[in-house]
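K.L.:
Below are the structure tokens for one structure; questions will follow.
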Amino acid sequence: MTDNSTDIAVVGFAHAPHVPETFGTTNGVEMLVPIFQRLYAQLGITKSDIDFWCSGSSDYLAGRAFSFISAIDAIGAVPPINESHVEMDAAWALYEAFVKLRSGQATTALVYGFGKSSAGTLRQILTMQLDPYLVAPLWPDSLSIAGLQARAGLDAGRWTERDMAAVAAGEDGDIESLLGTPYVADPLRAHDCAPITDGAAAIVLAVGDRARELCERPAWITGMAHRVDTPQLGARDLTVSPSTSAAAQAVTGGDTSGIDIAELHAPFSHQQLILAEAIGLKSATLVNQSGGALAANPMFAAGLERIGFAAEAIMAGTANRALAHATSGPVLQQNLVTVLEAQS
């Protein structure tokens with residue numbers, strides 16, 4: 001689904017501290033309560049002002065069934081709420097909320113995601129995303145599969161280890177020092193892989209005049225689309241991302257020249273190279289000013305954070321047009337692209 005109207009906007013964004021480990025429960029309540037309170041105070045609202053709630057998380061990661069039901073304790077029992085959930089990154093919960101608002105069933109929505117990655121062995125937990133018949137029983141972990149993707153790109157000449165290190169180093173980093181560090185999953189080094197991060201994030205959406213009441217400079221969603229590639233790893237070229245290209249084409253029409261910033265959900269350094277090419281980003285676009293997933297990767301909230309950080313730049317007046325990307329599944333299987341703009 002895409003839409004060129006500017007009826008719906010992000011008006012608020014908050015996230016929990018990015019930390020390697022928290023000592024709370026796996027339902028995220030301890031992380032969610034403070035960010036909900038921050039949003040209420042920031043927007044001058046109460047939970048009664050929210051028409052629709054939607055969350056993203058994973059029972060596999062939480063280690064308990066229906067963990068998202070326990071997370072509703074962060075909202076409270078009174079008043080009753082209209083709530084939904086997706087078992088994936090909360091960027092897709094935002095997509096559901098966007099559709100809900102577009103359909104006229106609500107004027108405000110609060111979207112949140114959470115994940116306590118430190119609760120188990122993340123690289124093995126993510127194996128559960130794989131084909132349950134032919135691949136998962138072999139227990140290839142997420143770093144190993146990403147390593148296969150990185151190696152395929154290196155062998156095909158699509159990027160080099162120096163290119164990967166440059167992504168991790170940023171503008172002022174020491175690439176040579178990074179290249180001298182040992183592999184953790186050849187050809188991936190520690191800096192090529194997102195860190196274990198506990199965290200949560202929340203975004204408030206609002207429609208039309210309600211958005212203008214809540215925020216001086218709303219970040220209007222002018223397009224949102226997601227596409228899916230086959231989950232069969234051997235049936236697709238892992239060095240490219242057709243689903244990202246298709247989603248980006250749907251929301252930009254192929255014109256990315258006016259995008260000031262882009263937030264790309266790339267848990268591995270080489271994936272940022274794949275995504276930037278698939279979207280067709282121009283050199284003038286600033287990519288991952290927030291640090292991206294390589295700086296902090298709260299599972300099932302990191303994609304939502306990309307949208308939040310992109311919107312935050314618009315709301316702060318440092319960008320006029322921004323693009324945000326989220327991924328879910330193994331090695332960029334599912335991809336969502338959102339374009340946000342300021343109104344003159």
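The values are calculated or read from the model by the stated rules, or taken from the named source; none is laboratory data. On a predicted model such as this, the values are computed, not experimentally measured, just so you know. All Cβ positions, even for glycine, are placed from backbone atoms using ideal geometry, and neighbour counts span all protein chains on display.
K.L.:
Suppose we filter Val111, Val86 for residues that are buried (at least 16 other Cβ atoms within 10 Å of the Cβ), in contact with a Ser or Thr (Cβ under 9 Å, 6 or more places away or on another chain) and under 19 Å from Cys215 (Cβ atoms); which single one remains?
P.N.:
Val111
K.L.:
Please state which one of Asp186, Asp192 is surrounded by fewer than 22 Cβ atoms within 10 Å (Cβ to Cβ) and of a type in the set (Asp, Glu).
P.N.:
Answer to the selection: Asp186.
K.L.:
Continuing with this model, one more query. Restricting to the range 2-59, what's the tally of residues that are more than 20 Å from the chain's Cα centre (by Cα) and among the aromatic types (Phe, Trp, Tyr)?
P.N.:
So the answer is 3.
K.L.:
Please state which one of Gly44, Gly56 is surrounded by fewer than 16 Cβ atoms within 10 Å (Cβ to Cβ), under 26 Å from Ile221 (Cα atoms) and modelled with pLDDT of 95 or more.
P.N.:
Only one candidate passes the filter, namely Gly44.
K.L.:
Can you tell me which residue among Val251, Val240 is among the aliphatic types (A, V, I, L, M), touching a strand residue (DSSP E or B) at 6+ places or on another chain (Cβ under 6 Å) and more than 30 Å from Val19 (Cβ to Cβ)?
P.N.:
Of the residues listed, the single one that is among the aliphatic types (A, V, I, L, M), touching a strand residue (DSSP E or B) at 6+ places or on another chain (Cβ under 6 Å) and more than 30 Å from Val19 (Cβ to Cβ) is Val251.
K.L.:
Which of the residues belonging to the range 258-279 are outside any helix (DSSP H, G or I) and either closer than 17 Å to Ala310 by Cβ or among the charged types (D, E, K, R) (or both)?
P.N.:
Gly258, Ile259, Asp260, Ile261, Ala262, Glu263, Leu264, His265, Ala266, listed by residue number.
K.L.:
Any chance the range 128-142 includes a residue that's buried (at least 22 other Cβ atoms within 10 Å of the Cβ), among the polar types (S, T, N, Q) and either within 28 Å of Phe36 (Cα to Cα) or free of Cβ contacts under 8 Å to residues at least 12 places away in the same chain (or both)?
P.N.:
No, the range 128-142 contains no residue that is buried (at least 22 other Cβ atoms within 10 Å of the Cβ), among the polar types (S, T, N, Q) and either within 28 Å of Phe36 (Cα to Cα) or free of Cβ contacts under 8 Å to residues at least 12 places away in the same chain (or both).
K.L.:
Here's another thing I want to ask about it. Inside the range 137-168, can you point out the residues that are assigned to a loop (DSSP other than H, G, I, E, B), over 23 Å from the mean Cα position of the chain (by Cα) and among the charged types (D, E, K, R)?
P.N.:
Arg158
K.L.:
While we're on this one: Could you list, in sequence order, the residues of the range 188-215 that are of a type in the set (Asp, Glu) and touching a residue at least 12 places away in the same chain (Cβ under 8 Å)?
P.N.:
Selection gives Asp192, Asp198.
Results for (1) on the phi > 0 side of the Ramachandran plot; (2) crowded, with 24+ Cβ neighbours inside 10 Å, shown as yes or no for each residue.
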{"residue": "Leu264", "(1), (2)": "no, yes"}
{"residue": "Gln271", "(1), (2)": "no, yes"}
{"residue": "Ile279", "(1), (2)": "no, yes"}
{"residue": "Ser290", "(1), (2)": "no, no"}
{"residue": "Phe300", "(1), (2)": "yes, yes"}
{"residue": "Gly303", "(1), (2)": "no, yes"}
{"residue": "Leu323", "(1), (2)": "no, yes"}
{"residue": "Leu340", "(1), (2)": "no, yes"}
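K.L.:
Of the conditions (1) within 24 Å of Gln343 (Cα to Cα); (2) assigned to a strand (DSSP E or B); (3) of a type in the set (A, V, I, L, M, F, W, C); (4) within 19 Å of the chain's Cα centre (by Cα), Ala201 fails just one. Which one is it?
P.N.:
With (1) within 24 Å of Gln343 (Cα to Cα); (2) assigned to a strand (DSSP E or B); (3) of a type in the set (A, V, I, L, M, F, W, C); (4) within 19 Å of the chain's Cα centre (by Cα) applied to Ala201, the lone miss is (1).
K.L.:
Residues Glu176, Glu171: which one is without any contact (Cβ under 8 Å) to a residue 12 or more places away in the chain and in a helix (DSSP H, G or I)?
P.N.:
Glu176
K.L.:
Give me the residue from the range 243-272 that is among the acidic types (Asp, Glu) and out of contact with any Asp or Glu (no Cβ under 9 Å at 6 or more places or on another chain) and, out of that set, modelled with the lowest pLDDT.
P.N.:
Asp255
K.L.:
Quick one: which of Ala166, Ala200, Ala185 is among the aliphatic types (A, V, I, L, M) and out of contact with any Gly (no Cβ under 6 Å at 6 or more places or on another chain)?
P.N.:
Only one candidate qualifies: Ala166.
K.L.:
Show me the helices (runs of 4 or more DSSP H) found entirely inside the range 1-94 where at least 2 residues are over 24 Å from Glu312 (Cα atoms).
P.N.:
Result: 59-62, 67-71.
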